[in-house]
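Colleague: What follows is a structure written as structure tokens; I'll ask about it next.
The values are calculated or read from the model by the stated rules, or taken from the named source; none is laboratory data. All values reported here derive from a predicted model rather than from experimental measurement. Don't worry about glycine lacking a Cβ; one is built from the backbone with ideal geometry, like all the others, and counts go over all protein chains shown. Heavy atoms of the whole protein, side chains included, go into the accessibility calculation; ligands, DNA and RNA do not. Shrake-Rupley method; radii C 1.70, N 1.55, O 1.52, S 1.80 Å.
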Amino acid sequence: MFLFSTNPKPNQMPLSAPNPIMLSRLSRPATRQLSASAATSKKSLAKPGRPNIVFVEGVRTPFVTSGTVFKDLMAVDLQRFALQELVKKTGIAFEDVGHVSCGTVIQEPKTSNIAREAWLTAGFPDTTPCNTVTLACISANVAITQIIGLLNSGYTEAGIAGGVELLSDVPIRYNRKTRSAMLSLQKAKTLPDKLKLGQTILQNLLKPELPAVAEFTSGETMGHSGDRLAAAFNVSRREQDEFAIRSHTLAQEAANKGLLSDIVPVFVPGKKGGTVSADNGIRVGTIEQLSKLKPAFVKPHGTVTAANASFLTDGASAALVTTEDFALKKGYKPKAFLRDFLFVAQDPKDQLLLSPAYVIPKLLDKAGLTLQDVDVFEIHEAFAGQVLANLNALDSDHFCKEHMKRSGKYGRIPIEKLNRWGGSLSIGHPFGATGVRLVSHAANRLHKEGGQIALIAACAAGGHGVGMLVERYPN
């Protein structure tokens, strides 16, 4: 999602005790866990002539609702903490880190290269190159793939990828007339010129420019696009609400069982400070409660609401990515192989959120796999309707023939393999940080569920998307 959307904060979602709700049309029997031998029975995705790239460890701060416990911090504080905790958890030597890449979307002007600023303020060596990348909601995925590229090229044997977003505080600037007048005022020589420019400044002081909601080229907003997409693929309001409840319920269950082991507690200084150790956006409601909420974007008949859309979130993440040879030489036990990835782009207006439907078949075809070969799916939940529309698109003869030029429908992703620890709807979505969270959950789920192959997919602004294939590292 993009900043300053009209959907309210998630804590406006009604509260109730966790309940084991099942989706009326979408539910399936719980998938059985695979044995270790079954998990390794599929073909390996290793590529001859290339080093095996491994995901050693991933950490993240708690993902919290913007305007709450992290509201007095800066984004650089969260990214710094994530980097520090990753270094502490892995024990990686500074001289072994060849490069650091972090993603972010709404940049704080004081720390535009936030990767570098976070690294330096952590007290780490200034000899490590650091850069910042941005590609909307998949910025951290770009950071990960940059490190993968550097490893494949032989540039380094180990790198750190991460990402951060702090939407509690965003840059709000004077409008262009005011900025122009302020700059011209420095050069004005006569009193009348200075007074004229001063008048322009005063007239425009209360007309600030906020970070954009709409896409620059198309004027499209994600909320409206999500609503239209749900309608186009026949996803009902009830199905969206049920999927949202599923996300929150599974996230709550995962948290209660201690499965969200990628979270590292954050100490927040100040009079009202303290240790933040859990995501605070998880709210399990009932279908009756959710059905009372009004549409957030397309009014009065839209189906996207505050409860079935992801919420504005603060948080950061970091991951250690290395070659397998390096990991074994240093005594690490990797969690997963990072086998392949693919970025896609399509119509940024009518198909703004359809990237998962495009990237999943292309990536699996590239790897010689099918949907049946995938044990774990982690798909970014921008909106409940967006996820369900993508599932319907993959299962649509018309869409797959007309838009993807396939012979027929690709198939349906089994719901029991999808986002079983919750997703962005419940855990939260700090734009620049979610990519690492998706990889961490995919890798950790593979080990917990006994699977071999995981597929990650996410949409992003501009009609972009990414897919990644992750393979469990053998026990």
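Colleague: Hey, Lys207 hits all of (1) charged (D, E, K, R); (2) open to solvent by less than 60 Å² (accessible area, probe 1.4 Å); (3) at pLDDT below 95 but one; which does it fall short on?
Modeller: The one condition Lys207 does not meet is (2).
Colleague: Here's another thing I want to ask about it. Between residues in the range 161-188 that are free of Cβ contacts under 8 Å to residues at least 40 places away in the same chain and residues that are aliphatic (A, V, I, L, M) and assigned to a helix (DSSP H, G or I), which pairs lie under 7 Å by C-beta distance while being six or more apart or on different chains?
Modeller: Qualifying pairs under 7 Å: Thr178/Ile201; Ala181/Leu197; Ala181/Ile201; Met182/Ile201; Ser184/Leu197; Leu185/Leu197; Ala188/Leu197.
Colleague: Hey, could you check the range 268-295 for residues that are modelled with pLDDT of 95 or more, of a type outside the set (Val, Ile, Thr) and more than 28 Å from Arg445 (Cβ to Cβ) and say which is least open to solvent (accessible area, probe 1.4 Å)?
Modeller: Once the filter is applied, the top-ranked residue is Pro295.
Colleague: Which members of the range 423-469 meet the condition of being over 26 Å from Gln351 (Cβ atoms) and in a strand (DSSP E or B)?
Modeller: Passing the criteria: only Ile453.
Colleague: Moving on. Can you pull out the residues in the range 388-415 that are within 21 Å of the chain's Cα centre (by Cα) and either part of a helix (DSSP H, G or I) or loosely packed, with under 14 Cβ neighbours inside 10 Å (or both)?
Modeller: If the condition is that a residue be within 21 Å of the chain's Cα centre (by Cα) and either part of a helix (DSSP H, G or I) or loosely packed, with under 14 Cβ neighbours inside 10 Å (or both), then Leu388, Ala389, Asn390, Leu391, Ile415 are the ones that fit.
Colleague: In this structure, does Ala327 turn out to be closer than 27 Å to Phe94 by Cβ, touching a residue at least 12 places away in the same chain (Cβ under 8 Å) and buried (at least 22 other Cβ atoms within 10 Å of the Cβ)?
Modeller: For Ala327, the condition - closer than 27 Å to Phe94 by Cβ, touching a residue at least 12 places away in the same chain (Cβ under 8 Å) and buried (at least 22 other Cβ atoms within 10 Å of the Cβ) - is met.
Colleague: Being out of contact with any helix residue (DSSP H, G or I) (no Cβ under 7 Å at 6 or more places or on another chain), farther than 30 Å from Gly223 by Cβ and not charged (D, E, K, R) is the filter here, so list the residues in the range 333-363 that pass it.
Modeller: The answer is Phe337, and nothing else.
Colleague: Answer yes if at least one residue in the range 37-50 is more than 26 Å from Asn141 (Cα to Cα), small (Gly, Ala, Ser), at pLDDT below 95 and out of contact with any Gly (no Cβ under 9 Å at 6 or more places or on another chain), and no otherwise.
Modeller: yes
Colleague: Residues in the range 369-378: is at least one assigned by the TED database to the domain that holds Ser112, at pLDDT 95 or above and within 21 Å of Ala143 (Cβ to Cβ)?
Modeller: yes
Colleague: Another question about this same structure. Here are some residues: Leu260, Leu195. Which one is in a helix (DSSP H, G or I) and either farther than 24 Å from Ala433 by Cβ or at pLDDT 95 or above (or both)?
Modeller: The match here is Leu195.
Colleague: Need at least 2 residues that are touching a Phe, Trp or Tyr at 6+ places or on another chain (Cβ under 9 Å) and of a type in the set (Ser, Thr, Tyr) per element, so show me which strands (runs of 3 or more DSSP E) inside the range 283-381 make the cut, counting only ones lying wholly within it.
Modeller: 313-323
Colleague: I'd like the full set of residues that are assigned to a loop (DSSP other than H, G, I, E, B) and among the acidic types (Asp, Glu), limited to the range 46-87.
Modeller: Passing the criteria: only Asp72.
Colleague: In contact with a helix residue (DSSP H, G or I) (Cβ under 7 Å, 6 or more places away or on another chain), open to solvent by less than 40 Å² (accessible area, probe 1.4 Å), assigned by the TED database to the domain that holds Asp77 and closer than 26 Å to Lys448 by Cα: is that true of Ala244 in this structure?
Modeller: Against the criterion (in contact with a helix residue (DSSP H, G or I) (Cβ under 7 Å, 6 or more places away or on another chain), open to solvent by less than 40 Å² (accessible area, probe 1.4 Å), assigned by the TED database to the domain that holds Asp77 and closer than 26 Å to Lys448 by Cα), Ala244 qualifies.
Colleague: So if I check each of Ile144, Ile160, which one is within 27 Å of Gly58 (Cα to Cα), part of a strand (DSSP E or B) and open to solvent by less than 70 Å² (accessible area, probe 1.4 Å)?
Modeller: Result of the check over Ile144, Ile160: Ile160.
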